[in-house]
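Student: One structure, pasted below without further comment.
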Amino acid sequence: MPGRIALLAAPDGKLDTLARKINSLTRGAVRRLLDSDQFDKLKPGEGHVIWFPAGLAAEAVQVVKLARNCDVVSARKAGAVMAKFAGEAALTVLAPTHPRAAEISFGLALRGYDFDIHKSKPGKGAGKVSFMVNNPEKVAAEAAPLAALAEGVFFTRDLVNEPSNILTTTDFAARLAAMQELGVDVTILEEDQLEKLGMRALLAVGQGSESPSKVVVMRWNRGRPGEAPLALVGKGVVFDSGGISIKPAGGMEDMTMDMGGAAVVSGVMRTLALRKARANVVGVVGLVENMPDGRAQRPGDVVKSMKGDTIEVINTDAEGRLVLADILWYAQQEFKPAGVIDLATLTGAIIIGLGHENAGVFSNDDALCDAFLRAARTEGEGAWRMPLGDAYDKLIKSRIADIKNTGGRPAGSITAAQFLKRFIKDEMPWIHLDIAGVALRKVATDLAPKGATGWGVLALDRLIRDRFEG
Ligand code: BES
Ligand code: MN
Ligand code: ZN
């Protein structure tokens with residue numbers, strides 16, 4: 001049996017030429033649906049399926065209700081609902097005159113993602129999808145950079161979904177090294193080099209693990225020669241047991257996603273390379289595993305960071321900030337960036353504050369921060385600004401070292417951000433994104449099935465296009 005058909009209906013029930021054709025072939029079935037309260041009850045971006053329509057060889061026709069203002073977010077949502085409808089069947093999308101047909105296809109691709117490589121009987125994957133449009137060259141040209149973006153998102157999701165016995169620090173680094181084929185310059189710093197650089201804070205986190213700690217630097221330099229790059233810095237804790245301050249068993253399995261920040265950085269770098277972005281961007285990720293062991297660091301240890309500041313480790317489970325302290329400093333020293341954006345699944349407290357709908361955004365630079373928030377809003381990625389302030393620093397004052405790594409329960413996400421700020425140079429524009437609540441979801445979202453979302457790849461790519469690409 002031939003596959004399935006999706007068509008678009010304006011909120012007022014207006015149909016394009018191909019949809020009218022389907023309506024007449026089905027002897028008015030589409031129009032009867034539009035005139036019914038079934039259609040009234042649909043929200044924009046939702047669809048209704050007519051199964052085994054008379055007069056058509058297709059298995060089913062899905063009528064998708066469009067939004068009144070069809071921005072990129074609602075166009076993608078319309079595509080996503082088609083992905084759920086198509087499943088493994090072949091799908092033909094009729095969008096002859098829709099101005100955002102490419103965005104519809106992008107939403108379809110994002111929602112069609114599935115992580116089933118570890119099932120002994122994996123699904124067949126998405127069926128073939130064809131679009132019927134009046135201006136195929138134009139739509140194809142618009143879809144090309146979106147395909148690069150989808151690949152970046154999938155790269156991020158695959159990394160976040162991958163369990164920690166497979167995605168070790170070594171395996172993660174190897175997957176990043178493979179991006180050399182795309183023209184990304186990849187350097188892997190091993191433990192002896194990290195030791196020489198003085199990254200004792202990062203190394204202390206990984207010293208209880210069998211997996212060696214690594215820092216991976218990814219450089220994409222197709223912007224103006226000599227122009228300072230944007231630095232993207234990511235927390236890559238491949239598994240966070242908590243260390244000696246071990247976490248409770250319930251839910252510990254979710255800590256396979258504690259490398260989500262590094263995964264977003266990697267996905268953005270992949271997208272930039274695939275779409276040959278005219279920008280200078282450097283990605284730096286700290287890959288470590290936080291495990292309890294005879295060699296693991298203890299609560300109460302004092303470590304010296306690459307910057308030189310000493311840190312009292314009150315809680316070995318506040319490890320992300322130790323990793324970031326050193327790679328933030330390294331990124332600034334080594335690359336003299338025009339700005340720094342770090343991403344980290346840093347605190348449970350950000351989930352208490354913002355839930356799973358918004359990432360926490362902390363910044364010392366209103367212009368850069370506003371540009372990021374605009375990019376996130378355009379892309380439909382929830383982001384909410386949180387405060388910084390020197391008054392919080394008293395919570396992380398240490399009796400015996402320069403600073404301590406936890407500030408207790410009050411303002412847990414803010415004290416974490418204040419900790420990081422200590423490793424940001426004066427005048428350096430900086431954004432810290434706490435993505436603990438948004439990197440992984442227990443329920444499907446508009447554009448992603450359950451599991452890794454890839455949150456941030458779209459917003460950061462747009463920010464780079466808007467602000468760092470000439
Ligand atoms: N990786 C966790 C934060 C986290 C929690 C990410 C839930 C995703 C979901 C982080 O390393 C952590 O353990 N943070 C502690 C900090 C505390 C010890 C100060 C926390 O949030 O409880
Ligand atoms: Mn932790
Ligand atoms: Zn962690």
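The values are calculated or read from the model by the stated rules, or taken from the named source; none is laboratory data. In this text the structure is predicted, and so the values were computed from the model without any measurement. Cβ coordinates were reconstructed from backbone atoms using ideal geometry, including for glycine residues, and neighbour counts include every protein chain displayed.
Student: In this structure, is Gly360 farther than 19 Å from Gly286 by Cβ, within 16 Å of the chain's Cα centre (by Cα) and either in a loop (DSSP other than H, G, I, E, B) or in contact (Cβ under 8 Å) with a residue 40 or more places away in the chain (or both)?
Tutor: When the stated conditions are applied, Gly360 passes them.
Student: A further question follows. So which of Ala359, Ala376 is more than 16 Å from ligand 3 (Cβ to nearest atom) and either touching a strand residue (DSSP E or B) at 6+ places or on another chain (Cβ under 7 Å) or of a type outside the set (S, T, N, Q) (or both)?
Tutor: When all the criteria are applied, what remains is Ala376.
Student: Among the residues of the range 290-305, which ones are touching a helix residue (DSSP H, G or I) at 6+ places or on another chain (Cβ under 6 Å), surrounded by 21 or more Cβ atoms within 10 Å (Cβ to Cβ) and not β-branched (Val, Ile, Thr)?
Tutor: The answer is Asn290, Gln297, Ser305.
Student: Can you tell me how many residues in the range 72-98 are part of a loop (DSSP other than H, G, I, E, B) and free of Cβ contacts under 8 Å to residues at least 40 places away in the same chain?
Tutor: Matching residues across the range 72-98 total 1.
Student: Moving on. For residues that are free of Cβ contacts under 8 Å to residues at least 24 places away in the same chain and away from ligand 3 (no atom under 16 Å from the Cβ), tally how many sit in the range 408-425.
Tutor: Final tally of qualifying residues: 2.
Student: Follow-up question, since we're still on this one. Being among the charged types (D, E, K, R), within 19 Å of Ile5 (Cβ to Cβ) and surrounded by 22 or more Cβ atoms within 10 Å (Cβ to Cβ), is that true of even one residue in the range 81-90?
Tutor: Scanning the range 81-90, I find no residue that is among the charged types (D, E, K, R), within 19 Å of Ile5 (Cβ to Cβ) and surrounded by 22 or more Cβ atoms within 10 Å (Cβ to Cβ), so the answer is no.
Student: Among the residues of the range 119-126, is any within 16 Å of Ala448 (Cβ to Cβ), in contact with a Pro (Cβ under 9 Å, 6 or more places away or on another chain) and either buried (at least 20 other Cβ atoms within 10 Å of the Cβ) or touching a residue at least 12 places away in the same chain (Cβ under 8 Å) (or both)?
Tutor: no
Student: What pairs come out if I take residues in the range 239-258 that are free of Cβ contacts under 8 Å to residues at least 40 places away in the same chain and not assigned by TED's automatic domain parsing to the domain that holds Thr347 and pair them with residues that are within 10 Å of ligand 1 (Cβ to nearest atom) and assigned to a helix (DSSP H, G or I) whose C-beta lies under 7 Å away, six or more apart or interchain?
Tutor: none
Student: I would also like to ask the following. What number of residues within the range 212-242 are more than 16 Å from ligand 2 (Cβ to nearest atom) and in a loop (DSSP other than H, G, I, E, B)?
Tutor: 9
Student: Considering each of Leu15, Leu7, Leu56 in turn, give the residue that is over 33 Å from the mean Cα position of the chain (by Cα) and crowded, with 19+ Cβ neighbours inside 10 Å.
Tutor: Leu15
Student: Follow-up. Output the residue which, of all residues in the range 432-470 that are part of a strand (DSSP E or B) and surrounded by fewer than 24 Cβ atoms within 10 Å (Cβ to Cβ), is nearest to the chain's Cα centre (by Cα).
Tutor: The qualifying residue nearest to the chain's Cα centre (by Cα) is Leu440.
Student: Now a separate question. Suppose the filter is more than 17 Å from Ala318 (Cα to Cα), in a loop (DSSP other than H, G, I, E, B) and within 16 Å of ligand 3 (Cβ to nearest atom); does Ser164 pass it?
Tutor: So Ser164 passes the test.
Student: Follow-up. Any residue in the range 163-181 that's farther than 16 Å from Ser213 by Cβ: show its pairings with residues that are in a helix (DSSP H, G or I) at Cβ separation under 7 Å, as long as the two are six or more apart or on different chains.
Tutor: Pro163/Thr256; Met179/Met269; Met179/Arg270; Met179/Ala273
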